[in-house]
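These notes concern the structure reproduced below.
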Amino acid sequence: MKKSALLLALLICVLTGRSQETKGLAPLIQNVYGRDHQVLNGYWHYLIDPLETGYWDYRHKPMADGFFKDKKVDNVKEFKEYDFDSAPVMPIPGDWNTQNSELFNYEGTLWFKHTFNFEPSDKRVFLYFGAANYDAKVFVNGKMAGEHEGGYTPFNFDVTKLLQKGENFVIVKVDDKRRADGVPTNNFDWFNYGGITRDVMLVELPALYIQDYTIQLKKGSGSLITCSIKLNETQAQQKVTLEIPELKIKREVVTNDKGEAQFEFKSNLVLWSPENPKLYAVTLSTLTDKVVDQIGFRTIETRGNEILLNGKPIFLKGISVHEEAAFRNGRIFSAEEDRTLLTWAKELGCNFVRLAHYPHNEQMVREAEKMGIMVWSEIPVYWTIHWEDPNVYANALNQLSEMITRDKNRANLIVWSIANETPQGDSRDAFLSKLATYARSKDSTRLISMAMERSDKSATTLSVRDNMSKYVDIISFNEYVGWYDGANEKIDRVKWEIDYNKPIIISEFGGEGVFGNHGDVTTRWTENYQADLYTKMLKMIDERMPKVSGITPWVLKDFRSSRRLLPNVQDGFNRKGVVSDKGQKKMAFYVLQKWYLQK
Ligand code: GCB
């Protein structure tokens, strides 16, 4: 095969194929914000391309000279039907739906172009995206760098060879069409914000660099620090130094022939906890590379029905949160917007947040860590995924791996959740048990869970019975008595029989109430109904659910969802927030706050 034909075949494969090998992804860089980087955020030109004209020719074959080439022509003499440089711009990061009203309900492809200057050095350069929803194909100076599927996890490509001195351009095709075989699938209860929704940057690393590191307390120990690192190459005898200046610690080891090294030593340290979210500056260095991170140390375990933080039982006073900005209701794009939501959670009395239903941006987890808020992080294996499709599994696994790699050094991250409200069955069990096993093999120190569904013994004897219970550390389930199951009065009539000797978390309960809409407690959509639901539910937990060790009611803030159509009530919002979409606190907020304050 001629070289050009091979390249075209590869391109076609990349454009159409969905296997991991074809994607060109480089191993995910951890702690990008702590690395030398050039931020590429800013105003990017965009073209709206619902028919993907820049991609396929009229026989629906991928074009070798699609829009990604950004071909320059003499406008009068040559033929070209697109032009990025005269196209409008929008700020990146940002979802397109809330930046251009024409795009509010648009689902499809947009092309983005950004021009930047670059000064080559002897460093390796990676093009990093915090997230792009949903399918991103990335081109640098007209050549494909790679592609990524999944809207909520970071990814990067090694673009060293694609960059040139001086002006460069990156073109990204982002397609947010929902797919039956996507993760999530095409049916979900949140808004499908499309676009390059998180930071974009060029990260520069030396040729031999620290590719991966894990620093934490050894499982079961309150003072034994372990650290494992891996270089990007299998180079033995490389000196690695770990320093924690505040603890006057400096240790050196050398890598083995896999380019890996381990540290293990005792230290008298202050543990991270919600009351004292202590972080230490930790430096890892080799002859060529150096990375600094803020690391907290704590243990998280279970004992029977209890969750133990630093060896002591803790009740997880939580709230579920969507990654949607306060007040303006678009995808969050700054740490400040993360802080607004987390501050509400703090005010509520929370020590825990369930970041639903997909990994939120990295700063959300880091800000929560600084504020003393523990985190549950979840991949969007939501409702009815195509359990039997190996590509869907590979995609879910990749998202799980990206989530864990990014956040495994955060002390506040205590739960990896592998799914939400999935239908029981053999193919689901096979899929999810493999994910659980994988998560445990990547990180044996955190707890694994998933939001299960109820499986009742009778109309009023409620229960959870799920084959996946043996794979998880915490039995979590969503229960909507009083909303989808009867009205509030039912809450007083139910009893619970959950037979597992594991900690139990109620990962969701709630009901919709429109801020300012007041009425009788039996009238749905009022603040009063919602507050009454919370009052009854919390009483039920106090009196009839002694084994529950945490709750994350649904949900902190009203959020956009295209499934929520009731005029003058929902108007495109799920109204189960204890705070409205405009930031007003509802009565239920104060009911929950009071309970948390005395818990
Ligand atoms: C659920 C889902 C959540 C929905 C919520 C609701 O069980 O997990 O994504 O938004 O119910 O409001 O119905």
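Does region 200-218 contain at least one residue that is buried (at least 18 other Cβ atoms within 10 Å of the Cβ), within 16 Å of the ligand (Cβ to nearest atom) and assigned by TED's automatic domain parsing to the domain that holds L40? No, because not a single residue in region 200-218 is buried (at least 18 other Cβ atoms within 10 Å of the Cβ), within 16 Å of the ligand (Cβ to nearest atom) and assigned by TED's automatic domain parsing to the domain that holds L40.
Restricted to region 423-433, and to residues there that are assigned to a helix (DSSP H, G or I) and not small (G, A, S), the residue that is farthest from the ligand (Cβ to nearest atom) is D426.
Whenever a residue of region 467-494 is more than 30 Å from K434 (Cα to Cα), its partners that are in a loop (DSSP other than H, G, I, E, B) and among the polar types (S, T, N, Q), lying with C-beta atoms within less than 9 angstrom and at least six residues away or across chains, give the pairs A487/T522; N488/T522; E489/T522; K490/T460; R493/T460; V494/T460. The residues of region 294-325 that are surrounded by fewer than 19 Cβ atoms within 10 Å (Cβ to Cβ), in contact with a Gly (Cβ under 8 Å, 6 or more places away or on another chain) and either not polar (S, T, N, Q) or not in a loop (DSSP other than H, G, I, E, B) (or both), listed by number, are E301, G311, F315.
The residues of region 366-392 that are more than 23 Å from K23 (Cα to Cα), surrounded by 23 or more Cβ atoms within 10 Å (Cβ to Cβ), within 16 Å of the ligand (Cβ to nearest atom) and not polar (S, T, N, Q), listed by number, are W376, E378.
The lone criterion from (1) closer than 27 Å to K594 by Cα; (2) within 16 Å of the ligand (Cβ to nearest atom) left unmet by L316 is number (2). Taking Q570, is it outside the structural domain of D189 (by TED's automatic domain parsing), within 16 Å of the ligand (Cβ to nearest atom) and either surrounded by fewer than 23 Cβ atoms within 10 Å (Cβ to Cβ) or more than 16 Å from L592 (Cα to Cα) (or both)? Yes: the conditions hold for Q570.
So for region 393-408 (the condition being under 27 Å from F509 (Cα atoms), in contact (Cβ under 8 Å) with a residue 12 or more places away in the chain, surrounded by 22 or more Cβ atoms within 10 Å (Cβ to Cβ) and in contact with a His (Cβ under 6 Å, 6 or more places away or on another chain)), does at least one residue qualify? No - not one qualifying residue is present in region 393-408. Those strands (runs of 3 or more DSSP E) of region 66-149 in which 1 or more residues are within 28 Å of N232 (Cα to Cα) occupy 109-118, 124-129, 135-140, 143-149. Filter region 240-267 down to the residues that are out of contact with any Lys or Arg (no Cβ under 9 Å at 6 or more places or on another chain) and either modelled with pLDDT under 95 or farther than 22 Å from P27 by Cα (or both) and list them by number. Those that are out of contact with any Lys or Arg (no Cβ under 9 Å at 6 or more places or on another chain) and either modelled with pLDDT under 95 or farther than 22 Å from P27 by Cα (or both): P245, E246, L247, K248, I249, K250, R251, K266, S267. Of all residue pairs spaced 6 or more apart or on separate chains, those with beta-carbon atoms under 6 Å, a first member in region 413-427 that is in contact (Cβ under 8 Å) with a residue 40 or more places away in the chain and a second member that is within 13 Å of the ligand (Cβ to nearest atom) and acidic (D, E) are S417/E378; E421/E453.
Against the test of being within 16 Å of the ligand (Cβ to nearest atom), under 13 Å from P184 (Cα atoms) and in the same structural domain as S549 (by TED's automatic domain parsing), the options N420, N395 yield a single qualifying residue, N420.
The values are calculated or read from the model by the stated rules, or taken from the named source; none is laboratory data. Predicted model only: the values in this text are computed from it and were never measured. As a convention, Cβ positions derive from the backbone with ideal geometry for all residues, glycine included, and neighbour counts pool all protein chains shown.
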